[in-house]
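The values are calculated or read from the model by the stated rules, or taken from the named source; none is laboratory data. Being a predicted model, the structure only gives us computed values, none of them experimental. We place every Cβ from the backbone using ideal geometry, glycine too, and count neighbours over all the protein chains shown.
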Amino acid sequence: MTSGTTGAAAALADLPPSPAVWCSGLRKRYGRQTAVEDVSFSVARGEVLGLLGPNGAGKTSVIKMLLGLVRPDAGEVLLLGRRASDPRSRSAVGYLPELFRYQPWLTPREVLDLHVRLAKADVRASERQECLALVGLADRAGDRVGGFSKGMQQRLGLAVALVARPELVVLDEPTSALDPIGRVDVRDLVLALKSRGVAVLLNSHLIGEVERVCDRVVILDKGRVAASGTLAELLGQREVRLRLAGVDGRIEDRLRAAGSLTRSGDWFTVQLTADDDGVTVPDLVRDLVGLGVAVHAVEPVRISLEERLLAVLRHDEPTAEGTQR
């Protein structure tokens, strides 16, 4: 190998990995109805991205175009560095569709065996059993699927999505049929995938779950991207309210040093920046006490993802900085 070839190989090795998902300008129409229009976003390796929006916003249509199940009228898609039109792009993708049904005469073990063969994946029987244990079905591996509740079938669908050790997992309403314990299990599972560097694209109506596990969010409305960004960007600035006694000019100056200040009686509201490192408030309270201020209450205030989603969809307020319309 020549030195020039060696140098080029080293340069390529230093490049960051391609995004798990990259799409640009996706458009899909069904007759006169536009389902998706000019949708663009990406999902980095090891990132959890939440796809939010009302029914009919185009979320499932976008997912199907990403996975090659529906051909877009316009736009480009790359999965794990390959064009979505290349069947190899989906070889390391796990998918849980919103609606699915398995043959009722099969057992969970047989369902996984079938999907492993279809995927032409090399997955040992012990790994398949571990996958069933991961979703809470280890003790039902030999039972017929036809006797399963909807929640148990949902767990089996998760096992199918994960059994071939994917690098990208696409989950379309993964907790729709699960009880609260099952939802916590899915949340822990998503976080475990993230810790292993697996990218996750999560479509869910459970906004609280999205807020707990997602790094970034894309909000769709009427087939378009209404807003997108990190949770900090979407939720904007945080505030802390303090009820204080013994406040003078020095104290107000210290409060203003922490952020923009407003006052109502003995309540003081300090607006914190989105990139606050978590020490501003403890340091502020310590300094206030040291200056002789009586601190009666400290209340963190932050807009919820649900509130921001409703504001975006109702056009009640402009999109936060760092998002796109």
So if I check each of Val190, Val218, Val169, Val240, which one is under 30 Å from Ser264 (Cβ atoms) and either at pLDDT 85 or above or not assigned by TED's automatic domain parsing to the domain that holds Arg117 (or both)? Val240
Is at least one residue of the stretch 97-104 in a helix (DSSP H, G or I) and in the same structural domain as Glu47 (by TED's automatic domain parsing)? no
The residue from Leu261, Leu234 that alone is over 30 Å from Tyr30 (Cα atoms) and in contact (Cβ under 8 Å) with a residue 24 or more places away in the chain is Leu234
Can you tell me which residue within the stretch 14-53, out of those that are of a type outside the set (D, E, K, R), closer than 23 Å to Arg196 by Cα and outside any strand (DSSP E or B), is modelled with the lowest pLDDT? Leu15
Pairs needed: first member in the stretch 71-85, part of a strand (DSSP E or B); second member anywhere, surrounded by fewer than 16 Cβ atoms within 10 Å (Cβ to Cβ) and at pLDDT below 90; C-beta distance under 6 Å; at least 6 residues apart or different chains. Arg82/Arg88
Just one listed residue, out of Gly56, Gly94, Gly68, is at pLDDT below 95, surrounded by 15 or more Cβ atoms within 10 Å (Cβ to Cβ), at positive phi and out of contact with any His (no Cβ under 6 Å at 6 or more places or on another chain), and it is Gly68
Selection status of Ser18, among the hydroxyl-bearing types (Ser, Thr, Tyr) and within 16 Å of the chain's Cα centre (by Cα): no
Counting only residues that are among the charged types (D, E, K, R), assigned to a strand (DSSP E or B), buried (at least 19 other Cβ atoms within 10 Å of the Cβ) and under 20 Å from the mean Cα position of the chain (by Cα), the stretch 207-251 contains a total of 2
Any idea which of (1) farther than 23 Å from Ser304 by Cα; (2) buried (at least 18 other Cβ atoms within 10 Å of the Cβ); (3) out of contact with any Pro (no Cβ under 9 Å at 6 or more places or on another chain) is the one Leu156 doesn't satisfy? (3)
Selection over the stretch 109-143 where residues are in a helix (DSSP H, G or I) and within 20 Å of Arg183 (Cα to Cα) yields a count of 8
